[in-house]
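Remarks on the structure that follows.
A short reminder: the numbers here are calculations on the coordinates, not readings from a lab. Predicted, not measured: the structure shown is a model, and the values here were computed from it. Heads up, the Cβs are rebuilt from the backbone with ideal geometry, glycines too, and the neighbour counts pull from every protein chain shown.
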Amino acid sequence: MDDLETRPQRILAAAFLVFALAFAAFGAMAGDTFFLRLATEALILAGLAMAVDVLLGYTGLLSLGHALFFGLGAYVSALALKHWAPSFWGALGATLAAATLLGSVAGFISIRARGVYFALITFGLAQVVYKAVYNTRELGGSDGILGIPEIQINFGLFTAPAASPAGFFLVVLAFVMLMYLALAYLMRTPFGRALLAIRTNEPRVPFLGYDSSRAKLIAFIIAADAAALAGALYPMLRGFVSPDLLAFQASGNALIMVILGGVGTLVGSLYGAVILTALKSVLGTWTEHHLILIGALFVVSVIFLPKGFAGYVLPRIGRFLGRRA
Amino acid sequence: MKQTLIAAAVAFAFTGAAQPQPGPIKIGVVTPLTGTYAGIGQQVKWGIDLAIKEINDKGGILGRKVEALYEDEEANPTVAVQKAEKLFQVSKVDFLTGTVNSGSTLAVSQVAERNQRLAATTVSFSDAITGAQCSPNMFRVNARAGMQSAALVEWMVKEKPNPTVFYLGPDYEMGRSTVSAFKSAAEKRGAKSVGEVFAPLDNKDYSPFFGQIRSAKPQVLYTSVAGNDTVRFMSQLVEYGLTKNLQIVGAAGTVTAQNLGAMGNAAEGYVTGAAYTPELDSPANKAFVSAFKAAWKTEPDLYGVDSYGVVYFYKAAAEKAKTTDTDKVRAAARGLDWDTPQGKKHMRAGDHQAVQDMYAVKVTSGKFKIVAKVPGTAAVGPDTCDKF
Amino acid sequence: MTDLAEALQFVYGPQVLNGLAIGVAVILMALGLTIIFGLLDVINMAHGECYALGAYLAVSLVAAGVNFWLCLLLVPVIAAAVGYFAERLLIQRVFHSRDRHVLTLLLTFGIAIIAEDVFKLIYGPNPHKVESPIQGASELLGIMLPNYRLFLIGAGTAIIVAVWLVVYRTSLGAMVRAAAFDKHMAASLGVPVQRVCATTFAFGVALAALSGVLLAPVYSVFPTMGKDFILLAFSVVIVGGMGSIKGAVLAGLVLTQIQSISSLYVSPVWSDPLVFGIMVLFLMVRPEGLAGRLGHG
């Protein structure tokens, strides 16, 4: 059973990696900046989408306010880079600490509720923090924080400058793929199986010997950490952060990415992020009514293709493999 | 993934081909075409399109035609930055403008610096943009908050010496700083503050605050709400009968052509400090207003006229420098005087702020009539930019 | 003693009355939402857009010369038709899937995105005004209140009572409650469940649209208005109990009064977080709300 499920996912993930590397090569040769940075942004958002998928696709919890952690990560990273030290690892470390702390608190509040109630709590939490940050002068208020320095990322043997579009793209790609591998592995452990059990039939889980509340809380914290770490990369890319990173639109976009890409597959979120980012960029230039088109695509996807892109492709890959075996 | 391959190929084509000089001059416009500020973005677009059409009819800039490329920033700085970079890198625009909220303007000025191009704002009035957060690549052709306050205070102390003033603003950075700027300017001239309240942005119902306003019994009410909030605030003030014996004044963006229609009589008598009104009696403005109305069937407002003016600003700077090279245009723009429907404006070299005459404008029978004037040099305030 | 009386008249009195006017409006919004959730188990993320739809329909009808009072009758009917078809064509499709809750939430979320842009497309981004049909203000025990708001309180109360009567005193209401309690049993007893579902959804949408018309003269009409009440309406529904009419009324009154009076003591920016905090508290401590579910109590 394991093979049929994981091998198509691995193939899809490997395909993603190959495409991304080819893209980076193309871009570097062409001396391009914009498309590489746009793709880097898509990868960063893919990290957020994967976090949402862990909660929705695996634990069955719909988070309508996950941008809270993404934005939190971005702000902590921005403050660390600007006021403490322009260090990649320092910023990530600070972000991880803050996210785990806040994730625990927020998780404790939210986990009590299930289903739509959970969604509404996360929505409300994100709104409250968004407004608080928007109104806090020390955090830049509605203008956000500007002037984040362009950093050098030290890998011991070599350094990569964040200012280099292709270089940073590769760093973020490696980061996101590692995150994917870690999360995918986690979902195959007994803990991950417990989450799936919770999604399928929560009342039964205690009878199997698992504490569902604790499992949900841990999943929540993991999702918070993942989203925050992804967010931490944003100021390194764009040189600024703004309260809009916490707004509902960001949470909504992440959700659209997960659904379009394929909920419950993790790898789907990678594709979903790329699809939505590319769509928004292209449609936005073409017409000012891009929201109608994206909304319509989303509605069609929810009704006719609820398993998303990955959900459509993975069984076909599986069948192809089955035929060969 | 195919999308990214095609996109990469396009990028390759763009950078691979050599760029011969003749070819249109491209102005990138990153402005909100959707969302709360879409009305402002619309005026920006109309102003720029009109200016470009006029300039092209007369031969363009430096003999080249001008074209505008629009991108929707959704009033979101994270989107604005992306689109600005797209316009600079892929469309290779020579100049960028159109941002509305100060967050977007500041973020875009960083992008402009990194791409070594110039940008200008025609709407953002946060003082910081040409003050503490000034940028060598960002210019401002519109009046900033301090200038608006100066004109308004001037009128107010003449009309009502030593007035009692109540302040109501939207609770965010811009709302609070506008109120405090006006408050300090007013208090210096003898005004007495009798109350201050900040309502949340997008607040629907202002009636919870009316008790406070009533008991404070102010002669003047200053407000910096905008857009839909203004419509609600003003209508509700009238609804509750609070407008008798109360002079309402406020920021320039509070009552504009976009929300005046929805307010009807509620905005009658409102006074603000602004650099423009369509009623401005000069041949240049009359020509501009009739051209604008002919093209777009609506009256221009301050965003429309300033966006119209920014194209002429770039034209004047580029023609003075005889090139579109960034450093030369910047040098030419500093200290530049150019003609706009509002008269001659001067671009102050020290902070890239346009100096212009300011007016106290009163809404009378649905029109914005001028009731006082403050010359540009008196209104503009000190140069606090120390970054260049 | 006179100090207290004065405080009551000039400070608390107005706040309470204002809160009442706002509360009635919020209750109308929340009623539709709670009925839709109570029966259909559908979280209508597009409820705010139904509210906006009502307001925009009023703008168009009034501009075409239709009397405002006639609009109060026409708009809910039109909106109900829109809701009926939306339910049959779109929502029914995801209804039978296992992830129904999430899918309907997402579906209505997508519809909301489309609706907002469609409004902007048709009506433009600038606000519109609907003239208030009742001008002037009256004094009630020394408190000034606009006449239209008094009308709102009266009309709103009448509508709430009417809804309650329909749900609890008519055979249609009985069918609705039966289907909410046990869909399959109701079907086997001859209740046309599919049609009842679509009708109920239409009814909820019509209620939201009606509040849109009623509030248009007070709050003006613009494309993003759907987001105005959303958090408050959801809070009322949750605190009151998903699917409970009594609960929605009670919670609506209490929460708006809390908001109104708290604005005297804390900065108004905190009134939304305060309501949200109460909602979270209920979700943690008493998730069934004040009064429980439709069909259940």
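If Lys and Arg each add +1 and Asp and Glu each add -1, what is the summed charge of the other residues whose beta carbon sits under 14 Å from the beta carbon of C:Pro273?
Charge balance near C:Pro273 sits at -1.
So for the range B:147-274, taking the charge dipole from beta-carbon charges (+1 Lys/Arg, -1 Asp/Glu), which of B:Pro170, B:Val194, B:Thr243 sits furthest toward the positive end?
Result: B:Val194, furthest along the dipole toward the positive end.
Given R₀ = 60 Å, FRET efficiency for A:Ser87-B:Asp325 by Cβ-Cβ distance, to 0.05?
Taking R0 as 60 Å, the efficiency between A:Ser87 and B:Asp325 is 0.95.
Would you please name the chymotrypsin sites (Phe, Trp or Tyr not before Pro) within the range B:291-325 that are DSSP coil residues with at most 14 other C-beta atoms within 10 Å of their C-beta?
Listed in order of number, the matching sites amount to none.
Mind putting a number on the dipole of chain B about its Cα centre? Charges go on the C-beta only, +1 for Lys and Arg and -1 for Asp and Glu, and I need it in Debye to the nearest 20.
500 debye
Angle, helix B:283-296 long axis vs. longest principal axis of chain B, Cα atoms, 0 to 90°, nearest 10?
With both axes taken from Cα atoms, the answer is about 80 degrees.
Read phi for every residue in the range B:131-143 and hand back ³J(HN,Hα) as whole Hz from Karplus 6.51 cos²θ - 1.76 cosθ + 1.60, θ = phi - 60°, with x for Gly and Pro.
x, 4, 10, 5, 9, x, 10, 10, 10, 10, 9, 9, 7
Cα centroids of the range C:134-193 and the range B:53-108: how far apart, whole angstrom?
52 Å
If you plug each phi of the range A:66-83 into the Karplus form 6.51 cos²θ - 1.76 cosθ + 1.60 with θ = phi - 60°, what whole-Hz ³J(HN,Hα) values come out, in order, with x for Gly and Pro?
5, 4, 3, 6, 4, x, 4, x, 5, 5, 4, 4, 4, 5, 4, 5, 7, 10
Under 11 Å from the Cβ of B:Val255, count the other residues' Cβ atoms, weight Lys and Arg +1, Asp and Glu -1, and hand me the total.
So the environment of B:Val255 carries a net charge of -1.
Name the residue, out of B:Lys26, B:Lys204, B:Lys369, whose mean-square fluctuation peaks in a Gaussian network model built on chain B with Cα pairs under 10 Å.
B:Lys204
Specify the inter-centroid distance of the range A:131-198 and the range A:244-266, based on alpha-carbon positions, in whole Å.
Using only Cα atoms, the two centres lie 16 Å from each other.
Per residue of A:282-290, what is the mean number of Cβ atoms on other protein chains within 10 angstrom of that residue's Cβ?
Mean partner shielding for this stretch: 6.
Residues in the range A:47-80, backbone N under 19 Å from the label point at A:Leu181 (7 Å along the Cα-to-beta-carbon vector): list them, ranges by number please.
Once the point is set 7 Å along Cα→Cβ of A:Leu181, A:47-48, A:50-51 turn out to lie under 19 Å by backbone N, inside the range A:47-80.
Have a look at C:Leu40, C:Leu215, C:Leu281 and tell me which one the Gaussian network model of chain C (Cα, springs below 10 Å) gives the largest fluctuation.
Maximum fluctuation in the GNM of chain C, among the listed residues, is at C:Leu281.
Which residue, B:Val123, B:Val225, B:Val153, has the most motion in a Gaussian network model of chain B that connects Cα atoms within less than 10 Å?
B:Val153
Which value at 222 nm does chain C reach when only helices count, each DSSP H run of 4 or more adding -39,500 (n - 2.57), with the total divided by all residues and rounded to the nearest 500 deg cm²/dmol?
Helices in chain C give a 222 nm mean residue ellipticity of -23000 deg cm²/dmol.
For an R0 of 30 angstrom, estimate the FRET efficiency from the Cβ-Cβ distance between C:Leu274 and B:Thr384 and round to the nearest 0.05.
E between C:Leu274 and B:Thr384, to the nearest 0.05, is 0.20.
Taking the DSSP beta bridges in the range B:147-274 as the whole, what percent of them are antiparallel, to the nearest 5?
Counting only bridges with both partners in the range B:147-274, antiparallel ones make up about 0 percent.
Is the C-alpha gyration tensor of the range B:147-274 telling us rounded, prolate or oblate? Criteria: a/c under 1.5 is rounded; beyond that, a/b larger than b/c is prolate, otherwise oblate.
rounded
What does the charge count near A:Asp53 come to, summing +1 for each Lys or Arg and -1 for each Asp or Glu among other residues with Cβ under 14 Å from its Cβ?
+1
Convert each backbone phi in the range A:285-302 into a coupling constant with the Karplus relation 6.51 cos²θ - 1.76 cosθ + 1.60 (shift: θ = phi - 60°), then list the ³J(HN,Hα) values in order as whole Hz, x for Gly and Pro.
Values per residue, Gly and Pro as x: 6, 7, 8, 7, 9, 5, 5, 4, 5, 5, x, 5, 4, 5, 4, 4, 5, 5 Hz.
Looking at the square roots a ≥ b ≥ c of the eigenvalues of the Cα gyration tensor of the protein assembly as shown, which shape do they give, rounded for a/c under 1.5, prolate if a/b is larger than b/c, or oblate?
Judged from the Cα gyration tensor, the protein assembly as shown comes out oblate (a/c at least 1.5, b/c at or above a/b).
Place a +1 charge on the Cβ of each Lys and Arg in the range C:39-137 and a -1 charge on the Cβ of each Asp and Glu, then give the dipole magnitude about the Cα centre in debye, rounded to the nearest 20.
I would put it at about 140 debye.
Work from the charge dipole of the range B:252-362 (Cβ charges, +1 for Lys and Arg, -1 for Asp and Glu, about the Cα centre) and give the residue of B:Val329, B:Pro341, B:Tyr308 farthest towards its positive end.
B:Val329
What FRET efficiency comes out for the pair A:Thr136/B:Lys286, r = Cβ-Cβ distance, R0 = 60 Å, nearest 0.05?
0.80
How far is helix C:147-169 tilted, in degrees, relative to the longest principal axis of the Cα atoms in chain C, given as a value from 0 to 90 rounded to the nearest 10?
Helix C:147-169 and the main axis of chain C meet at about 30 degrees.
Whole Å is fine, so just give me how far the alpha carbon centre of the range B:116-135 lies from that of the range B:343-371.
Value for the Cα centre distance between the two parts: 18 Å.
Taking chain B as the reference, fit the longest principal axis to its C-alpha atoms, fit the long axis of helix B:207-216 to the helix C-alpha atoms, and give the angle between the two in degrees, 0 to 90, nearest 10.
Once rounded, one gets 60 degrees.
Along the charge dipole of the range B:235-310, Cβ charges K/R +1 and D/E -1, which of B:Ala275, B:Met263, B:Gly253 sits furthest on the positive end?
It is B:Met263.
Using Cβ-Cβ distances only, list the Cys residues of the protein assembly as shown with no partner cysteine under 4.7 Å, sorted by number.
For the protein assembly as shown, the answer is C:Cys50, C:Cys71, C:Cys197, because their Cβ atoms have no other cysteine Cβ under 4.7 Å.
Using a cut-off of under 11 Å, list every residue of the range B:126-168 whose amide N is near the label point 7 Å from the Cα of A:Glu150 along the Cα-to-beta-carbon line.
Backbone N within reach: none found.
Can you compute the charge dipole magnitude of the range A:154-242 about its Cα centre, using +1 on each Lys and Arg Cβ and -1 on each Asp and Glu Cβ, nothing else charged? Give it in debye, rounded to the nearest 20.
For the range A:154-242, the charge dipole is close to 220 debye.
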